[in-house]
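As structure tokens, the structure follows; a few thoughts come after it.
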Amino acid sequence: MTRFETEVRSPPAAFPLLALAFAASGCAALIYEVVWFQLLGFVIGASAVSAGVLLATFMGGLCAGSLLFPRVVSPRAHPLRVYALLELGIGVCGLGVLYALPAIGGVYAAWAESGSAGIALRAGVAAVCLLPPTMLMGATLPAVSRAVGLTPRGVARIGVLYGANLAGAVAGSLLAGFYLLRVHDVAVATLVAAGLNLSIAAGSLLLARAMRRPESIAAGPAGRAAPVGAGASAGGGTRVHVAIALSGMAALSAEVVWTRHLSLVLGATVYAFALILAVFLAALGLGSAAGAALSRRLPASAAFAGCQLLLCAAVAWAGYALARSLPYWPLDVTLPATSAVMLQLDLVRAAFATFPAALLWGASFPLALAAAAPTAPDPARGVGRLYAANTLGGIVGALATSFVLVVAIGSQATQQVLIALSAAAALLVLAPWRDGAMRAGAAALTVAAAAAVLARTVPLLPPQLVAYGRFMPTRAADIDVVYAREGLTASVAVSKEPGGHLTYHAAGKAQASTYPQDMRLQRMLGHLTTLIPEDPESFLVIGLGAGVTAGAVSIDPAAKRVVVAEIEPLARQVAGRYFRAQNFGVVDNPKVEIVVDDGRHFLATTAETFDGITSDPLDPWAKGAASLYTVEFWRLVKARLRPGGVVTVFVQLYETTEEAVRSELATFFEVFPNGAVFANTVQGSGYDAVLVGFAGDPVVDVDRLHARLSRPEYARVARSLEEVGFPTAVDLLATYAGRRSDLAAWLEGAAVNRDRNLRLQYLAADGLNLYRANAIFASMTAGGVEFPEDLFTGSRTRLAPLHSVLRARDGRF
């Protein structure tokens, strides 16, 4: 024979069972991916840098595993026994990551630094955790390829296995996102995934006993590479590898861009991200199955090139659908509808835009494998190299898009680049290089011209979509979006309404505004943080946004140092340019340091302590935001507070559920049992609230607070409070709405939000489009509130007015 062939004599049901095993393997892999990214995000941070490190390490492990496997494992080993050992190893590693992370996190926090050294350390932690299991995952397809061979039938079967793995990945994504982590936690999810690995290993060993060991037939006893077959040249195989790398680069780049766009349209909840991933993977799986079937009926090289040509049109379609079609569908998401109905709608919208392109990318792998197969002497080596090329291209595409392309040139130009990449991949495989320069040049010119025409059809992302996201059809009319840019972690916009009010938008959601109720909330956060401590000097603000809260902190004369942790670099530019009057020029204040990092990572890796910490994060339903509301986070905050220090946090009562609000308060009181709730109401109706926690005895000295506001140096602080409806200290403190003891009955049975479950992001996501703020507030305060004699201290002269105001508001005081 002139090439490596493997034929397996096996029972008729062997291959379907192997495909089922590969589907279960894909399911376990996606469960692990969701869990590991969540857990490692707590350790190395949830910033764009950390996300990039995690993605590169995860996919790099897949790439390395596929390349190293044929070099390490002899072809004489039974492939199914090897596959069983790989799955067993993945399960052991999965359990190891779950239980080893606390120790790894402690070491990382002790050594963490900023800058390039910090990035290197993050990469090291990610490598220790992710490389062992992902390398084993990357080796599974090359291992099993030895059981089916690279005959035409074998290539088609590898394509089916690849598709089955992706189908399992769809199930894993949905199972993790909609059940395991929603109902249980990361430990249960990990055990389920490890159980799948163990079952696959046991089944593979049983199947191996029923199969005859494959015979390796190579050219020469020393195992040298067999001669290239007549079906392809060595140069043709190289071109296929480069083309599949370009295809992988375009696919992962598109996934990054389209996920960002769809999160604007659907809302950036954990459900939306799971659904988008599931749709993309489902299309890849179906495409892979179709490509496997086509590989036996059509010339593989021509079919592979044809997929790349069609991708030029599919990418253009997705760009049009996401910018010119979906945002304008006449939908009012606030209309009453069950979450199941909304998920059906989201599924249709995600598939409408991305399914055609993902289908073609899925078909590309088995077709490329068939085109390159004649050049491979060992199935594992051939499959491994092609899989590695595809994965390596994906790494480059995802990182370049996330960190460079979207920020530097925008998503429109990025998608145009993807069309060019697809055209280049097609030309690389299809161009008649042997027929002369003229014919090759003519073909290249034709494809390039078609690609250029399609690229020009990709529209700009509407500024109104960047600002209003899913509310664009109902709220964007007559609103002037004066600023819109795609940032490193989120798209940011500023809108100006006819009445002159400005709104700061991030990820398609209003996060701050100059409306009275929002200004009042933001200044309450800032001023309560600085005015309550006895001798304050140093403060931390988590989240810059429009800068109003940070500005309120910065103007306090006692504040000598203010650190602001902001995850999106564009926020500084927006706060300084559009909200300077409202935030007192905070970004240019010499005593203010703005750190581009997520607040949790900053707290975990700094030794600095503060007299006050205030947190104004994204909505708790936004994927990842719930990590700033967990028991573990509040313990970290408490550890960074100086004696007598305070912490404040924003709690929204709109676009959420009562269960979510109960969870936020119960979790906070778990760490700060002496905390208090201060309400921000609109004409007596519930709107949002501020939680205040104390590092020590809960004391609000009304005399001291009044005296400070009376001093000349506090004139700006007093004026700031008066502007939002608090002319005196009593008016500010009269927003008091209760303590843990007052809310005991209401909080009974509330879900405590922990790192291992992030329950809040699921509870809050159920209320994404609900506006029941007043009903939630009424339910929260229905049991009545006692006057907190031990919380508010001071002279009778100062306490009497406060007592009177609170009694007038609630006769039970």
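The values are calculated or read from the model by the stated rules, or taken from the named source; none is laboratory data. Treat the numbers as computed from the prediction; the structure is a model and nothing was measured. With ideal geometry, Cβ positions are generated from the backbone for all residues, glycine too; neighbour counts draw on all protein chains shown. With ligands, DNA and RNA removed, areas are computed over all heavy atoms of the protein, side chains included. Shrake-Rupley method; radii C 1.70, N 1.55, O 1.52, S 1.80 Å.
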Order by protection proxy (mean Cβ within 10 Å, highest first), peptides 303-315, 494-506:
303-315, 494-506
Under 17 Å from the Cα of Lys496, which lysines turn up, not counting those fewer than eight places away in the same chain?
Lys509
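Over all pairs of distinct alpha carbons, what does the Kirkwood formula give as the hydrodynamic radius of the range 534-583, in Å? Could you put the intermediate results ahead of the total?
Values: mean 1/r = 0.0895 Å⁻¹.
With all distinct Cα pairs of the range 534-583 included, I get 11.2 Å.
Expressed as a rounded percentage, what relative contact order does the range 667-813 have, with Cα pairs under 8 Å and six or more residues apart? Could you put the intermediate results ahead of the total?
Details: 162 pairs, mean separation 45.2, N = 147.
Dividing the mean separation by the residue count of the range 667-813 yields 31 percent.
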Mind checking the log10 I(q)/I(0) for the range 432-538 at q = 0.09 Å⁻¹? Debye, one equal scatterer per Cα, no solvent, two decimals.
-0.48
Treating the range 586-728 as a set of equal point scatterers at the Cα positions, no solvent, please give the Debye-formula log₁₀ I(q)/I(0) at q = 0.15, 0.17 Å⁻¹.
-0.94, -1.19
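Taking K and R as +1 and D and E as -1, what net charge do the other residues with C-beta under 10 Å from the C-beta of Gln652 add up to? Please report the intermediate quantities before stating the final value.
Working: positive: none; negative: Asp619, Glu655, Glu664, Asp688.
Cβ neighbours under 10 Å give a net charge of -4.
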Rg and Dmax of the range 7-152 over Cα atoms: what are they, in angstrom?
17.5, 58
For Tyr179, tell me the accessible area in Å² from a 1.4 Å probe, rounded to the nearest 10.
110 Å²
P(r) of the chain in 20 Å steps, Cα pairs, percent per bin?
15, 44, 28, 10, 1, 0
Square roots of five times the C-alpha gyration tensor eigenvalues of the range 622-698, ordered largest first and given in whole Å, equal 22, 16, 9
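In nm², what is the average projected area of the convex hull enclosing the Cα atoms of the range 495-646? Display every interim value, and only then the final one.
Values: hull surface 34.8 nm².
Average of the hull's projected areas for the range 495-646 equals 8.7 nm².
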Quote the accessible area belonging to Arg381 in square angstrom, nearest 10, computed with a 1.4 Å probe and with ligands, DNA and RNA left uncounted.
60 Å²
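Given the DSSP H assignment, sum -39500 (n - 2.57) over each helix run of at least 4 residues in the chain and divide by its residue total; what's the result at 222 nm in deg cm²/dmol, nearest 500? Could you put the intermediate results ahead of the total?
Values: 29 runs with 484 residues, N = 813.
The per-residue figure over the chain is -20000 deg cm²/dmol.
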Restricting to Cα pairs under 8 Å and 6 or more apart, the percent relative contact order of the chain works out to 13 percent
May I ask you to rank Tyr328, Tyr515 by accessible area, largest first, using a 1.4 Å probe over the protein chains only?
Tyr328, Tyr515
Compute the distance from the alpha-carbon center of the range 693-721 to that of the range 529-565, in whole Å.
13 Å
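May I ask you to work out the translational diffusion coefficient for the range 542-632 at 37 °C, viscosity 0.692 mPa s, via Stokes-Einstein with Rh from the Kirkwood sum over Cα pairs, reported in whole µm²/s? Write down the numbers at each step before the final one.
On the way: Rh = 13.6 Å.
Stokes-Einstein gives a translational diffusion coefficient of 242 µm²/s.
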Among DSSP beta bridges lying fully in the chain, give the percent that are antiparallel, nearest 5.
60 percent
